[in-house]
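The values are calculated or read from the model by the stated rules, or taken from the named source; none is laboratory data. Here the structure is a predicted model, which is why all the values come from computation and not from measurement. All Cβ positions, even for glycine, are placed from backbone atoms using ideal geometry, and neighbour counts span all protein chains on display. For the accessible areas, the whole protein counts, side chains as well, though only heavy atoms, and no ligand, DNA or RNA atoms are used. Shrake-Rupley method; radii C 1.70, N 1.55, O 1.52, S 1.80 Å.
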Amino acid sequence: MIDIRWKAVSLLCALSAICLFLWLISSATVALSIFSIGLLIYLAGHIKWLHKLHIWFKNPELKEIPEGSGVWVDVFTALLKYERSNIANQAQLSSALERFNLTANAIPDGLVILSPSNEIEWCTTHAESQLGLDLATDKNLPIVNLVRDSHFIAYLYNETYNEPFKLKSWQNSEIIFEIQLIPFASKQKLLICRDTTQLEKVDAMRRDFIANVSHELRTPLTVVGGFLETLSDMEGAVPEALKNYFAMMQEQTSRMRRIIEDLLTLSTIESSTEEPDNNEIDMGYLLKQIQNDAIGLSQSLYQGNNKKVKHKIHLDADPTLNLSGAQDELHSAFSNLVSNAIRYTPKGGEIFITWSMQDEQPVFSVRDTGIGIEQKHIDRLTERFYRVDRGRSRETGGTGLGLSIVKHILIRHQAKLEISSEIGVGSTFSVVFPKTRIMHKQVTMQA
Ligand code: ADP
């Protein structure tokens, strides 16, 4: 196709040539008049097609594109091609979008896309029915206006989404959803809402079973333990040759009792749907108590050795910082971590208990100079009965359930456990609480 510039230039050249010829055979006036009239007709033609183009742009319909004349035939043909490919692209895009919508709506989990400021941008029909949303009216509204659960709001603003969050349906409290937020692109979030009611039921049955078995075993074991103790205490009741066996039986019975107690504690904490108490805990007092218990445990572990304290146990607690939570539960979690530090630190080692603000969050941490833990075990330590060294755990009276109990207590307090360790150097277990649990204590200056 000839370039439209050449078409326009050749038309003007032809007009000029005709006028020159007229000038030669007639006069300059005639030639100039013909040239001007020709130019006017030429311009009028352009104005006409420009006007048609302008009208078409106001309502661009494919079949309404003008045909044009002269150079305008090329312009309108190019426009027609462009418009056709545009329509084809649009059709492709909308069919891709429709397929995406169909696929997304076929996923049984509800999906919601949130803007950086947590407004609903898009959601699937499952998300609409699960969370009580209506995309038609709720688009661009903040999700916290529609899902008003205070824990969900805290989870959303906390911005650490490693663990999913459990949400009871507001329409039916028997239905439990698991909410997982996944940040993507520039601070947008994908919210996945999964109905875990059935899984929760199975889990509750498992917990009930363990709790019931533990409960049933508790009484016979107490009786057996009691008889063994009475027989051992009775002069001459146990023949000398059997005394060792008796001691072993007593040791194993008390081990089983400890396991049962821990299993019961774990299932009580796990199955509790109630919020933990949010009382102000006097951390200075609580940690002093834990330090004293630790000194006692350290002594008892090395009883044969003159009852001397075998670990140096340091305490450094911020006197102005208190915590809100359930005192009994947190006492048990902190004691578990301190007792582990003692049990896995050889005599002569040191334990550092600290309570302070770190990166604007309250942190309880226990550092020891003990045997340390290989990196590959760290992620699994909070699993039930997971032990790095079974022998050592048993020797020091461990049940393998301590860190599972700690984990569940911390989940109830929206806190997280961070573990760092090096073999032969020691371990640090830190509990990081959310800022919302800080309570400032007034320290009175003494004269
Ligand atoms: P246990 O009753 O066996 O101590 P826990 O659940 O308290 O069970 O701990 C799980 C495992 O984690 C322990 O068996 C031990 O191997 C390891 N562990 C826990 N704390 C420490 C520590 N401070 N130093 C070294 N290993 C530890």
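Taking GluC sites (Glu not before Pro) as candidate sites, keep only those in a DSSP loop with at most 15 other Cβ atoms within 10 Å, then name the longest stretch of the chain containing none of them.
Details: sites that count: GLU61, GLU67, GLU159, GLU174, GLU235, GLU274, GLU360, GLU374, GLU383.
No qualifying site falls inside 68-158, the longest such stretch.
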Taking the alpha-carbon centre of each part, the distance from segment 328-357 to segment 370-421 in Å is 12 Å
Using a 1.4 Å probe on heavy atoms of the protein chains only, the accessible area for PHE35 in Å², nearest 10, reads 60 Å²
Inter-part gap, Cα centre of segment 109-178 to Cα centre of segment 27-84, in whole angstrom, is 57 Å
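For segment 1-122, what does the equivalent ellipsoid look like in terms of its semi-axes, each the square root of 5 times an eigenvalue of the Cα gyration tensor, given largest first in whole Å?
Taking √(5λ) for each eigenvalue gives 57, 14, 11 Å, largest first.
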Cα-Cα pairs in the chain separated by more than 35 Å, as a whole percent of all pairs, come to 58 percent
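Mind checking the full-extension length gain between MET357 and PHE246? Use 0.36 nm per residue of separation minus the Cα-Cα distance, one decimal, nm. Intermediate results must be reported in sequence, preceding the final value.
Working: separation 111, 0.36 × 111 = 39.96 nm, distance 5.04 nm.
The MET357-PHE246 span can extend by a further 34.9 nm.
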Restricting to lysines and to Cα separations under 29 Å from LYS288, and discarding same-chain partners fewer than 8 apart, the set is LYS307, LYS308, LYS310, LYS312, LYS347, LYS407, LYS416, LYS435, LYS441
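Within segment 19-65, list the trypsin sites (Lys or Arg not before Pro) lying in a DSSP loop whose Cβ has at most 14 other Cβ atoms in a 10 Å radius. Let's see the in-between values first.
Values: sites: LYS48, LYS52, LYS58, LYS63; in loops: none.
Passing sites in segment 19-65 do not exist.
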Quick P(r) readout (segment 294-406; Cα-Cα; 10 Å bins; whole %) gives 13, 41, 35, 10, 0
About its Cα centre, the chain carries a charge dipole, from +1 on Lys and Arg Cβ atoms and -1 on Asp and Glu Cβ atoms, whose size in debye to the nearest 20 is 1140 debye
With 0.36 nm assigned to each residue of separation and the Cα-Cα distance removed, ARG255 to ILE378 gains 41.8 nm
For the chain, the per residue accessible area (1.4 Å probe, Å²) is 61 Å²
Share of accessible surface on carbon and sulfur in the chain, whole %, 1.4 Å probe and ligands ignored, is 58 percent
Helix 327-343 sits off the longest principal axis of the Cα atoms of the chain, rounded to the nearest 10 on a 0 to 90 degree scale, by 70 degrees
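Could you please put THR160, THR396, THR436 in sequence from largest to smallest accessible area, using a 1.4 Å probe? Spell out each step's value before the answer.
Values: THR160 60, THR396 25, THR436 120 Å².
Sorted by accessible area, descending: THR436, THR160, THR396.
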Check: C-alpha center segment 250-272 vs C-alpha center segment 198-222, spacing in Å is 11 Å
Neighbours of LEU167 by Cβ distance under 14 Å: Lys/Arg at +1, Asp/Glu at -1, summed charge -3
